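Data first, discussion second: the structure below is written as structure tokens.
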């Protein structure tokens, strides 16, 4: 296994073509998303493994068993200890299922991962004028320096935490991304932000504070964010969500997205006890669901 230095990623770009619908990969390859990238050979690499905080990406040829063993060792001896020290909860592994499915059990051996399905939606046509959806007493604002300077706003820390979830700093987010939030008085009650902006593409992350959910605010914020994105020349907008997140799926379809693909991921908690508990909950839920369907 060899680690590539930032700026030396061009050689591996062709190996990530199957994951092109993940803009995080493009961000990693251009150096705008902090990550570590490992390959099987320093020249003419055939396989690559990227580590970006809690997100892991695996692509290329699955046939190098020594490289696969090295990935497993890296996860166990480096990623797990560092993630625990940093307070990370879990990882998600994204991969090309057509090539890597049979190799994942060995790479994640003893990690007790859970396999689940996610979906990817692409924006087609904006169905709503968000101005007509705005309830009385609520206002929509761009997430910019002026907003962030108002330290009296409630939930401001939650917003900035989300801004830094995929960016190294608030300033980096302001330089590379954008978003909108909705206020009720002096309280930030939700936000819709762009992620992994690259050329004329971006992805969407959206959250509504719990007391304000199920009021249509997600549709409102996403519509406002997309309107702004289009005004900035961004016309390829992606939406990722778990297949069982019916609220997210419904919002995407309502706004004007169409499903482009289903894809599997593996995830696991870094704390072994917590991870086993999650496995138990998943098994229990599956057993109950099977009984109900039977």
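Descriptive notes on the structure:
- Mean Cβ neighbour count within 10 Å, used as a protection proxy, ranking 142-150, 195-203 highest first: 195-203, 142-150
- Computing Rg/Rh (Cα atoms, Kirkwood Rh) for the structure here picks out one of [x] 0.98; [y] 1.06; [z] 0.93, namely [x].
- Label separation (residue 110 vs residue 36): 1.9 nm, computed from points 7 Å beyond Cα along the C-beta direction.
- Nearest-ten-degree value, helix 217-231 long axis tilted from longest Cα axis of the chain: 80 degrees
- The simple spin-label model puts a point 7 Å past each Cα toward its Cβ; for residue 232 and residue 134 those points are separated by 1.9 nm.
- The protection proxy used here, the mean number of other Cβ atoms lying within 10 Å of each residue, ranks peptides 240-251, 19-30, 260-271 as follows, highest first: 19-30, 260-271, 240-251.
- 0 to 90° range, to nearest 10: angle between helix 272-293 axis and the chain longest Cα axis: 70 degrees
- Principal-axis tilt of helix 246-255 within the chain, Cα atoms, nearest 10 degrees: 60 degrees
- In nm, spacing of pseudo-spin labels at residue 142 and residue 88 (7 Å Cα→C-beta vector): 3.3 nm
- The listed peptides 122-131, 173-182, ordered by packing as a protection proxy, come out as 173-182, 122-131 (highest mean of other Cβ atoms within 10 Å first).
- Residue 8/residue 244 FRET efficiency (R0 30 Å; Cβ-Cβ; nearest 0.05): 0.15
Bear in mind these aren't lab numbers, they're just calculated from the coordinates by the rules spelled out. Bear in mind that the values here come from a model prediction, so they are computed numbers and not experimental data. Here the Cβ is made from the backbone with ideal geometry for all residues, glycine too, and neighbour counts use every protein chain on show.
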